[in-house]
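To start, the structure itself, in structure tokens.
The values are calculated or read from the model by the stated rules, or taken from the named source; none is laboratory data. Model, not experiment: these values are computed from the prediction. As a convention, Cβ positions derive from the backbone with ideal geometry for all residues, glycine included, and neighbour counts pool all protein chains shown. With ligands, DNA and RNA removed, areas are computed over all heavy atoms of the protein, side chains included. Shrake-Rupley method; radii C 1.70, N 1.55, O 1.52, S 1.80 Å.
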Amino acid sequence: MKVLKFGGTSVGSPERIRGVRKIIESQPSDCLVVVSAFQGITDELKQACELACARNDDYKTQLSAITARHRDYSRQLLDKISLKRVNTIMDKIFLDLEGILSGIYLVRELSKHSLDQVLSTGELLSSLIISNMINDCYYIDSRTIIRTDSNFGFANVDFEKTNKLIRQSLPEGKKVILIPGFIASNENNETTTLGRGGSDYTAAIAAAAIDAEVLEIWTDVDGFMTADPKKVDKAYAIESLTYSEAIELSHFGAKVIYTPTLRPVYKKNIPIIVLNTFKPDLKGTLISHKSLNGNKSPIKGISSIDHIDLITLQGTGMVGVTGTSMRLFGALARMNINIILITQASSEYSISFAVIPSDSEHAKDAIANEFRAEIELKKELNILIEKNLSIIAIVGEKMKNTPGISATLFRSLGRNGINVIATAQGSSELNISVVIKNESLKKALNVIHDGFFLSRYKEMYLFVAGTGLVGTSLLKQLKDQAPTLLAEHNLKINLMGVTNTRKMIIDKKCVSLDNYRDALKTSTDKGDIAAFISHMTRLNLRNSVFIDCTANEDVASRYKDILSKYVSVVTANKIACSSEFSYYQMLRNTAAERGVRFIYETTVGAGLPIIKTITDLVVSGDKILKIEAVLSGTMNFIFNELGPDMPLSTAIKKAREKGYSEPDPRVDLSGTDVVRKILILAREAGYPLEKEDVVVEKFLPEDCFKGDLNSFFEKVKNYDEEFEKKRKKLAAKNMKWRFFATLDNGKARVELLTIGSDHPSFNLEGSNNIILLTTTRYKELPMVIKGYGAGAEVTAAGVFADLMRVVNV
């Protein structure tokens, strides 16, 4: 025989109850069914008691609503004959209920005994209605078969008497037997209850008594989940758990099943299956002595308790003193305070334990009384209470003897800026628990879920500054590649925010890569980088990346704040890394301290692997002796374009139109852009240069760079003829111009040079860059890196590649 239990959500409406009947009547073998009160009824009954106790006449309104709901359900679910029979019984139940509430109202006292009598009516009414709508259903009042002590509200079961009564009471030949959950009775036949969630316990007690083949818990979720689906979107049903794993997950907040449920069936080795009433075809979660091996992760699931207080007793009065723990926990036990978690320093200087917030002050008083002498007289101990905390527990029997579990846990939390306040692990290695701030709970659960490969894919949360040519190209590439990243690399890209100088948008549910432009246009939020970063950090999302596609100094000045909030930075903006050396060094140090990434490969050479190559050489022990480089794709394009029909001023405009130059091409032509680039490379090579250390030989007079952009182009026209004459002379000698940056013996120069056909840069086409690295190892023949060094598409592709480096840490 099977035992099936249906919770309050499963019987929350007439439609759902019809679904329950369909499940019951489709069972191939005989079954015993346990039902809870209709959804919300237990809470409403308790509220009615509290109103009556407070002499508030609204309890009558509450009672009328409860009565009307059950009458309505009966009319919708029962035929006329059954309805008449049920109404007669309900009349008596409601009359008794009204009498009890009136008594509570008169005496202004709500005893646990009275509360049990009131709360029991929820299960009595639901079981009465449901049993009368199922064909050939035999009804048993569970108060006649489950015997307990008189600990009202949380009665203890007398299993010897209960097992005997259950076996004696079950009739032969009945396909369906139905009993109410949660309720029982004592030796005096007074109604008792088994505690909140006690309907699960009722089902387990019955299953153990009759040696059931299986206990099915029907609820509103697909089974035990890898994490709370309300906090972790990627949580999914666990295929199987051992009893121990299920008990641990239940203890730490997984509310799928009531923890004591497992005890009776555990002893009898009866499997439990947790199933979804609304998706009856799903497999659910099997709980038994042996777990299936389908899960590759060493942990099965993550559970949490949202709100706890951490109480610490600390001081020299504990060191080397025997009996301290016994006194501490004895004092707490006498106050009936439940301890959720315990951790103690090996030095014996402190003991910390977690309790629910409502128990904190009682616990503090109990400790203060027990250790009055040590606290007040000797001043050797003190009590600390930390509030607004949460506990996360990772659970799995495969954790035992598996190295690296704790490392993965703490690394995942640390990289995302989540501080662990306390931790505990039993010698069984079944569970590792950590205490963190409550505000970080959702982020921590998702981080751990991803860290232990419980998620089927990784997620990255992007915040993009700049919607110019590079930013727009990047967002298009992300949109085009997103399906491939998810399908082939298990990576989901989430665009959370976009800002430019005019508007900004940030959306907790993601910004669509398809229509971010329209969303930006219609946004009422003005572009404000400080507000944008503030919104980003408040979202507190794991694996967040700030992408700077601007050339803005204000944006670059905020990198330290961003990195300090455990958000990685990927930038094509050269300003930060070419500003003061101390700021550049601080950014790198901050990223290292916070365990996040600061990647700026595209600041030099767009998508070319220049910075990474130099870094790899230095890290491997090589020394950069000399760098010779054409680092401006803009300048190379301009000088390659010059010709009889392409004067200097026109070539500059063309470079701007194609997106090769900075928005203001004077940044390129003045050498400022190249100075920034050679500074970055010099610093990566180990030379702490400042901008003032770089010698710049401009090829246009200083006067050209004064005034606005229009006047610049007018002034440059005056030099078109001169440059054309010089170009012809160079061409006659088979020579060309190249705008070079050089680092030699720690000294840097930027200048326009003429080179011959034997130079590696002679045939450098279009906007390409070339870098020659002379090192201790590459002394005779320099290493050459060559390729596209400018353009929105290649720069965006380089930023995209940097993003992938963030993922693959």
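A few comments on the model shown:
- Scanning region 1-47 for residues that are open to solvent by less than 30 Å² (accessible area, probe 1.4 Å) and basic (Lys, Arg) returns a single hit, Lys5.
- Cross-chain or 6+ apart pairs with Cβ under 6 Å, region 592-605 first and in contact (Cβ under 8 Å) with a residue 24 or more places away in the chain and hydroxyl-bearing (Ser, Thr, Tyr), then crowded, with 24+ Cβ neighbours inside 10 Å and part of a strand (DSSP E or B): Tyr600/Thr571
- When residues of region 393-408 are limited to those that are among the aliphatic types (A, V, I, L, M) and in contact with a Phe, Trp or Tyr (Cβ under 8 Å, 6 or more places away or on another chain), the one surrounded by the most Cβ atoms within 10 Å (Cβ to Cβ): Ile394
- Identity of the residue in region 231-245, crowded, with 19+ Cβ neighbours inside 10 Å and assigned to a loop (DSSP other than H, G, I, E, B), that ends up nearest to the chain's Cα centre (by Cα): Val232
- Filtered residues of region 362-372 (kept if open to solvent by 40 Å² or more (accessible area, probe 1.4 Å) and within 14 Å of Leu313 (Cα to Cα)): Lys364, Asp365, Asn369, Glu370, Arg372
- Taking the listed residues Leu617, Leu587, the one that is over 28 Å from the mean Cα position of the chain (by Cα), at pLDDT 95 or above, farther than 21 Å from Ser767 by Cα and surrounded by 17 or more Cβ atoms within 10 Å (Cβ to Cβ) is Leu617, with no other qualifying.
- Against the test of being without any contact (Cβ under 8 Å) to a residue 40 or more places away in the chain and either open to solvent by 40 Å² or more (accessible area, probe 1.4 Å) or not in a loop (DSSP other than H, G, I, E, B) (or both), the options Ile93, Ile130 yield a single qualifying residue, Ile93.
- Residues of region 378-430 that turn out to be free of Cβ contacts under 8 Å to residues at least 24 places away in the same chain and over 30 Å from Thr537 (Cβ atoms), as a count: 6
- Hits in region 688-720 - residues which are touching a residue at least 60 places away in the same chain (Cβ under 8 Å) and either closer than 16 Å to Asp668 by Cβ or open to solvent by 30 Å² or more (accessible area, probe 1.4 Å) (or both): Pro688, Glu690, Lys691, Phe713, Val716, Lys717, Tyr719
- Meets criteria (open to solvent by 30 Å² or more (accessible area, probe 1.4 Å), among the basic types (Lys, Arg), over 30 Å from Tyr457 (Cβ atoms) and in contact (Cβ under 8 Å) with a residue 24 or more places away in the chain) for Lys565: no
- Candidates Asp220, Asp211, Asp200, filtered to the one that is touching a residue at least 24 places away in the same chain (Cβ under 8 Å) and under 30 Å from the mean Cα position of the chain (by Cα): Asp220
- Count of region 493-514 residues, restricted to those that are among the small types (Gly, Ala, Ser) and either buried (at least 18 other Cβ atoms within 10 Å of the Cβ) or not in a loop (DSSP other than H, G, I, E, B) (or both), is 1.
- Annotation note: of Thr343, Thr324, the sole residue that is surrounded by 15 or more Cβ atoms within 10 Å (Cβ to Cβ), among the polar types (S, T, N, Q) and under 28 Å from the mean Cα position of the chain (by Cα) is Thr343.
- Meets criteria (within 25 Å of Ile166 (Cβ to Cβ) and either of a type in the set (Phe, Trp, Tyr) or part of a strand (DSSP E or B) (or both)) for Val20: no
- Those residues of region 54-75 which are open to solvent by 40 Å² or more (accessible area, probe 1.4 Å), among the hydrophobic types (A, V, I, L, M, F, W, C) and assigned to a helix (DSSP H, G or I), in sequence order: Ala65, Ala68
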